[in-house]
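Notes follow once the structure below has been shown.
The values are calculated or read from the model by the stated rules, or taken from the named source; none is laboratory data. The model shown is predicted, which means the values in this text are computed figures rather than measured ones. Here the Cβ is made from the backbone with ideal geometry for all residues, glycine too, and neighbour counts use every protein chain on show. All accessible areas refer to the heavy atoms of the entire protein, side chains included, with ligands and DNA or RNA removed. Shrake-Rupley method; radii C 1.70, N 1.55, O 1.52, S 1.80 Å.
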Amino acid sequence: MDLASIAVSMLSMGGLGALFATGLVLANKKLYVEEDPRIGQVASLLPGANCGGCGLPGCANFAENLVGGNIEISGCPVCNDEARAEIATIMGLEAQKGEKIVARVLCQGGNYESAKKGEYLGIESCTAAHISGGGDKLCLYGCLGYGECVDSCPFDALHMSENGLPVVDEDTCTGCGNCEDACPRGVIGMHPVSHTLFVACKNEDSPKDSRQVCIKACVGCGLCVRGVEEGLMTMENNLARIDYHLYGTDCRELPTEKCSTNAIILLESVSKEKSVERAEMAEV
Amino acid sequence: MTYFLLFFSAAIVNNFVLSYFLGICPFVGVSKKISSAVSMGMAVTFVMLISAVVTWLIYHMILVPFHVEILEYVSFILVIASLVQLVEMFIRKVSKPLYDTLGIYLPLITTNCAILGLALFSVLREYAFLESVVFALGAGAGFTLALVIMAGIREELALAPVPRHFQGAGITMIVAGALALAFMGFAGMI
């Protein structure tokens, strides 16, 4: 290939490119679509993680639907209050304050606590293990420990502990609910950050069976239900349930020590802000 | 008569989707509803037609006289990409719902190999200008036909008791294969 043909190639391609570019510029001017300017403004304030927590494919769609009036600002669980307030100003609305929602891992059956039925050599994925016989733990309800929730988290708010259980970083967690959807066993639940009392077990086996599979299983003895005011806690399928509506959100007086297996836990919040807030509340 | 045969050949006998297996992505992606399949077919036909005209001109007016036929791929892709941009702007202006329905498959026409295939076939088979236009129309019609047939079947399939393990992508692939087999029946007619 000689120099001339290289020059011709460059010229012809450059010329064609310039020609089409001009055409597109003109077309863009001519065919420009007027968009509500608020859509762009709102979209820039949204988290932009496209996590899908609102039920729409991405943040741009959320902005469009918000401006179109099809969805509330609180529909985005990830937005913090500042961004919400700013969006509300753009939309000319009152800011709605929603309580922060975080993911809670409701299983304590790590590698140490749970009984094993054998060795699992399959694909290192919770879904695969769940389908093919339930991993290496005897418990049919608890955490499988292959970290699918960790992989699903778009905010890096989850990690696996040494004991093989996922741990939620309360500050980074935005409550998008991706991990809840990712867990094939429904071990992760979304809760307002003020809920600190949990029945951290999902085992619905009979007392005898659940006692055998995990030392921290809720065995369904019902001691906790009898220890509190009627209606605050109930037994369902051999599992204690807390009724947060009845009790309000301050659950700290419920008797965790009644539980013989420590399946009921009282979370000490890891968030500094939160603990300061709580200390203030205690003083009052 | 030659033009009719050319059209018929491109549309049915040598259907781009069902016998060359070009443009499978929108064939599977935009064939859930007949209405959107028709509009996708129209968009692709339009891009095919214009790009056939423009690529023919570029090839015979620029590339051949300057002996730089080696640039055919680059220039054809340039043409197709610009045209798709244009079509995208146009559809967005004219019909927002259609724009939303076509979604990602609209910009993906850029990389739809049926269109590049068309331009390259025209060069390879040394079609005259009018022939390549008819060829493009036939190919577009064939693409639309394949999409519409597929969409029709899939609309019925949505209500059919498909065995659980075949549901979704599985049955779609099986249907596409059966459809391609049916079109193989035309092979050798022209």
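Its Cα gyration tensor gives segment B:1-127 an equivalent ellipsoid, and the semi-axes of that ellipsoid, as √(5λ) in whole Å with the largest first, are 26, 19, 12. Each residue of segment B:5-11 was assigned a 3J(HN,Hα) from its phi angle through the Karplus curve 6.51 cos²θ - 1.76 cosθ + 1.60 (θ = phi - 60°); the sequence is 4, 4, 4, 4, 5, 5, 7 Hz, with glycine and proline shown as x.
Once the gyration tensor of the Cα atoms in segment A:37-91 is diagonalised, the equivalent ellipsoid follows with semi-axes of 14, 12, 10 Å, ordered largest first. Kindly identify segment A:121-207 as rounded, prolate or oblate by the Cα gyration tensor criterion: order the square roots of the eigenvalues as a ≥ b ≥ c, call it rounded if a/c is under 1.5, otherwise compare a/b with b/c, prolate if a/b is larger, else oblate. Oblate shape, in that a/c is at least 1.5 and b/c is the bigger or equal ratio. With the charge dipole of chain A set up from +1 on Lys and Arg Cβ and -1 on Asp and Glu Cβ about the Cα centre, the Cα lying farthest toward the positive end among the listed residues A:Ala83, A:Phe20, A:Leu121 is that of A:Leu121. Per-residue accessible area (protein heavy atoms, 1.4 Å probe) orders B:Leu137, B:Leu120 as B:Leu137, B:Leu120, starting from the largest.
Inter-part distance, segment A:166-195 to segment B:126-190, computed on C-alpha centroids, equals 44 Å. The amide H of A:Cys214, built 1.01 Å from its N in the peptide plane, has A:Ala115 as neighbours under 5 Å, considering only residues 5 or more places off or on other chains.
Report, to one decimal in Å, the Kirkwood hydrodynamic radius for the protein assembly as shown based on all distinct Cα pairs. Computed over Cα pairs of the protein assembly as shown, the Kirkwood hydrodynamic radius comes out at 27.7 Å. Report the calculated FRET efficiency for A:Asp36 and A:Ser194 (r = Cβ-Cβ distance, R0 = 60 Å), to the nearest 0.05. The value I calculate is 0.95.
Summing both sides, the accessible surface hidden between A and B at a 1.4 Å probe radius is close to 1500 Å².
Per residue, the accessible area of chain B comes to 49 Å² when a 1.4 Å probe rolls over the protein heavy atoms. Checking the cross-link pairs A:Lys100/A:Lys137; A:Lys30/B:Lys33; A:Lys100/A:Lys258; A:Lys116/A:Lys208; A:Lys29/B:Lys33 against a 23 Å limit on the alpha carbon distance flags A:Lys100/A:Lys137; A:Lys30/B:Lys33; A:Lys100/A:Lys258; A:Lys29/B:Lys33 as lying beyond it. For segment B:88-104, a reduction of at least 40 Å² in accessible area between the chain on its own and the assembled protein chains (probe 1.4 Å) is found at B:Met89, B:Arg92, B:Lys93.
Distance distribution P(r), chain A, all Cα-Cα pairs, bin width 5 angstrom from 0: 1, 5, 10, 12, 12, 12, 11, 9, 7, 5, 4, 3, 3, 2, 2, 1, 1, 0, 0 percent. In segment B:52-67, the residues whose accessible area drops by at least 20 square angstrom when the other protein chains are added to the isolated chain are B:Ile58, B:Ile62, B:Phe66; the probe is 1.4 Å and only protein heavy atoms count. The listed residues A:Glu119, B:Glu72, once ranked by accessible area (1.4 Å probe) with the largest placed first, stand as A:Glu119, B:Glu72.
The candidates B:Phe121, B:Phe4, B:Phe76, arranged from most to least accessible area with a 1.4 Å probe in the full protein assembly, appear as B:Phe4, B:Phe121, B:Phe76.
In the protein assembly as shown, the DSSP-assigned H stretches of four residues or longer account for a calculated mean residue ellipticity at 222 nm of -14500 deg cm²/dmol, using -39500 (n - 2.57) per stretch and the full residue count as denominator. For the protein assembly as shown, the share of accessible area belonging to carbon and sulfur comes to 61 percent (1.4 Å probe, ligands and nucleic acids excluded). The value of relative contact order for chain B, using C-alpha pairs under 8 Å at least six residues apart, is 44 percent. Between the beta carbons of A:Leu19 and A:Glu99, assuming R0 = 56 Å, the FRET efficiency works out to 0.45 to the nearest 0.05. Only protein heavy atoms count here; under a 1.4 Å probe, B:Tyr20 has an accessible surface of about 80 Å². Can you give me the relative contact order of segment A:37-91 as a percent, contacts being Cα pairs under 8 Å and 6 or more apart? Relative CO of segment A:37-91 lands at 38 percent.
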